[in-house]
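K.L.:
Sharing a structure here in structure tokens format.
The values are calculated or read from the model by the stated rules, or taken from the named source; none is laboratory data. The model shown is predicted, which means the values in this text are computed figures rather than measured ones. Cβ coordinates were reconstructed from backbone atoms using ideal geometry, including for glycine residues, and neighbour counts include every protein chain displayed.
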Amino acid sequence: MTIIWLLLPALMWGLLPFAIEFVGGTTKNQIFGTAVGTLIAGFFVIAFRGIDISPRNFILAALAGAFWISGQLGQYTAYKNIGVSRTMPVSTGLQLIGTSLIGVIIFGEWSSTTARILGFIGIAMLVLGVFLTSYTENKSENIGHHTKQTYTVLVLTTVGYLIYNTLPKAMSASGLAIFFPESVGMVIAVLLYLAVTRNLSAVKEIKSWQHILAGLIFSIAAIAYINSVRYNGVNTAFVVGQLSVVLSTVGSLFILKEHKTTRELALTLLGLAVIVGGAVITTLS
């Protein structure tokens, strides 16, 4: 069972973009369905283990879930604009870089000189991997401007992921205890987003409810990751979980038929290898 917990997060997170593209619909449909699907999974979690979390930690966990929505919105938007094969390596690389820097600056990780050297080598590899995977040969002015805008949004919304990953470290509760309140925060954030953008009608659309599938896939990955950390340790669980970027990126080229030139493909595969290597080094530092 230990090996299942280890591999399941990478598999499910890797399949998530394909579920999104398979169902289709707008970004509003996708983000609403994902949040609702996660909330449904959250109810199953509390049905089996109950709610064992303080009001303070419940609020912090809900806030973390709300910030996750902003990160996921950026990712879903990028799927449509530049494709899964360009989005996932950049998004994953940015999250790894940001999480590592937050760990060093705020939580005092990499305390030894050796750890700092290895850690910053890992970050340099992540930066290089992001640049390699984002390379494009098409220098058309219109396409280039559109792509730059998408990458800018992706960078800005990644802050949501970083807060989502950081807030649990400020709580005395973790793991499955915070899963349900996080899902509550996700749904509240989505409803606020739809209200502010005047798209509440998306709640009535069938595509929105079909994307509950995406939320369930995400939830399986998240719950499996929590168990993987328990049985395999944080470092092993985290590094293997990052292999999802390889599955989603390579799979998008064959399943979604996303086009890349020979040079773009070569640099993307090289960039993926560099990102995974950087993840290993930063995690083990």
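K.L.:
Suppose we filter Lys260, Lys207 for residues that are crowded, with 18+ Cβ neighbours inside 10 Å, over 18 Å from Leu6 (Cβ atoms), touching a residue at least 40 places away in the same chain (Cβ under 8 Å) and of a type in the set (Lys, Arg); which single one remains? Before the answer, list the steps.
P.N.:
Working: Lys207 fails: crowded, with 18+ Cβ neighbours inside 10 Å.
Among Lys260, Lys207, only Lys260 is crowded, with 18+ Cβ neighbours inside 10 Å, over 18 Å from Leu6 (Cβ atoms), touching a residue at least 40 places away in the same chain (Cβ under 8 Å) and of a type in the set (Lys, Arg).
K.L.:
What about Ser252, is it assigned to a helix (DSSP H, G or I) and in contact with an Asp or Glu (Cβ under 6 Å, 6 or more places away or on another chain)?
P.N.:
Values: assigned to a helix (DSSP H, G or I): yes; in contact with an Asp or Glu (Cβ under 6 Å, 6 or more places away or on another chain): yes.
Spelling it out, Ser252 is indeed assigned to a helix (DSSP H, G or I) and in contact with an Asp or Glu (Cβ under 6 Å, 6 or more places away or on another chain).
K.L.:
Please state which of the following conditions Leu156 fails to meet, knowing it meets all the rest: (1) surrounded by 16 or more Cβ atoms within 10 Å (Cβ to Cβ); (2) over 30 Å from Ile3 (Cβ atoms); (3) within 17 Å of the chain's Cα centre (by Cα).
P.N.:
Here Leu156 clears every test but (1).
K.L.:
Looking at (1) farther than 22 Å from Ala61 by Cα; (2) free of Cβ contacts under 8 Å to residues at least 24 places away in the same chain; (3) buried (at least 17 other Cβ atoms within 10 Å of the Cβ), which one does Val130 not meet, given that it meets all the others?
P.N.:
Unmet condition: (2).
Yes/no per residue for (1) within 27 Å of Leu256 (Cβ to Cβ); (2) modelled with pLDDT of 90 or more:
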{"site": "Arg56", "(1), (2)": "no, yes"}
{"site": "Ala66", "(1), (2)": "no, yes"}
{"site": "Thr87", "(1), (2)": "yes, yes"}
{"site": "Ala115", "(1), (2)": "no, no"}
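K.L.:
Please name all residue pairs, on different chains or six or more residues apart, with Cβ atoms under 6 Å, provided the first residue is in the stretch 12-31 and is among the basic types (Lys, Arg) and the second residue is in a loop (DSSP other than H, G, I, E, B).
P.N.:
What qualifies is Lys28/Asn199.
K.L.:
Additional query: Is there a residue in the stretch 106-125 that is assigned to a helix (DSSP H, G or I), under 28 Å from Met186 (Cβ atoms) and not aromatic (Phe, Trp, Tyr)? Walk me through it before giving the result.
P.N.:
So the first thing to find is which residues in the stretch 106-125 are assigned to a helix (DSSP H, G or I), and the list is 113-125.
Imposing the further condition that a residue be under 28 Å from Met186 (Cβ atoms) reduces the set to none.
Scanning the stretch 106-125, I find no residue that is assigned to a helix (DSSP H, G or I), under 28 Å from Met186 (Cβ atoms) and not aromatic (Phe, Trp, Tyr), so the answer is no.
K.L.:
Moving to a separate point now. Taking the conditions exactly as written (among the hydroxyl-bearing types (Ser, Thr, Tyr), buried (at least 24 other Cβ atoms within 10 Å of the Cβ) and more than 23 Å from Ile117 (Cβ to Cβ)), does Thr77 satisfy them or not? Give the steps one after another, and end with the answer.
P.N.:
Values: among the hydroxyl-bearing types (Ser, Thr, Tyr): yes; buried (at least 24 other Cβ atoms within 10 Å of the Cβ): no; more than 23 Å from Ile117 (Cβ to Cβ): yes.
Judged against the criteria, Thr77 is not a match.
K.L.:
Please specify each residue of the stretch 78-114 satisfying the condition of being of a type in the set (Phe, Trp, Tyr) and over 29 Å from Gly25 (Cβ atoms).
P.N.:
Within the stretch 78-114, Phe107, Trp110 qualify.
K.L.:
Checking the conditions here, which among Ile212, Ile281 is modelled with pLDDT under 95, among the hydrophobic types (A, V, I, L, M, F, W, C) and surrounded by 19 or more Cβ atoms within 10 Å (Cβ to Cβ)?
P.N.:
Ile281
K.L.:
Here's another thing I want to ask about it. Confirm whether Glu137 is at pLDDT below 95 and either outside any helix (DSSP H, G or I) or surrounded by 19 or more Cβ atoms within 10 Å (Cβ to Cβ) (or both). Give the steps one after another, and end with the answer.
P.N.:
Numbers: at pLDDT below 95: yes; either outside any helix (DSSP H, G or I) or surrounded by 19 or more Cβ atoms within 10 Å (Cβ to Cβ) (or both): yes.
Yes.
K.L.:
Is it true that some residue in the stretch 231-249 is more than 21 Å from the chain's Cα centre (by Cα), over 22 Å from Lys80 (Cβ atoms) and touching a residue at least 24 places away in the same chain (Cβ under 8 Å)? So that I can check it myself, show each step before the final result.
P.N.:
Just the residues of the stretch 231-249 that are more than 21 Å from the chain's Cα centre (by Cα), to begin with: 231.
If we keep only those that are over 22 Å from Lys80 (Cβ atoms) as well, we get 231.
Those left that are additionally touching a residue at least 24 places away in the same chain (Cβ under 8 Å): 231.
Within the stretch 231-249, one or more residues are more than 21 Å from the chain's Cα centre (by Cα), over 22 Å from Lys80 (Cβ atoms) and touching a residue at least 24 places away in the same chain (Cβ under 8 Å).
K.L.:
Return the only residue of Ser244, Ser208 being of a type outside the set (Val, Ile, Thr) and under 23 Å from Val90 (Cβ atoms). Lay out the reasoning, then the answer.
P.N.:
Values: Ser208 fails: under 23 Å from Val90 (Cβ atoms).
Every option except Ser244 fails the conditions.
K.L.:
To continue, here is another question. Taking the conditions exactly as written (touching a helix residue (DSSP H, G or I) at 6+ places or on another chain (Cβ under 9 Å), part of a helix (DSSP H, G or I), closer than 30 Å to Tyr135 by Cβ and modelled with pLDDT under 90), does Val240 satisfy them or not?
P.N.:
Numbers: touching a helix residue (DSSP H, G or I) at 6+ places or on another chain (Cβ under 9 Å): yes; part of a helix (DSSP H, G or I): yes; closer than 30 Å to Tyr135 by Cβ: yes; modelled with pLDDT under 90: yes.
Judged against the criteria, Val240 is a match.
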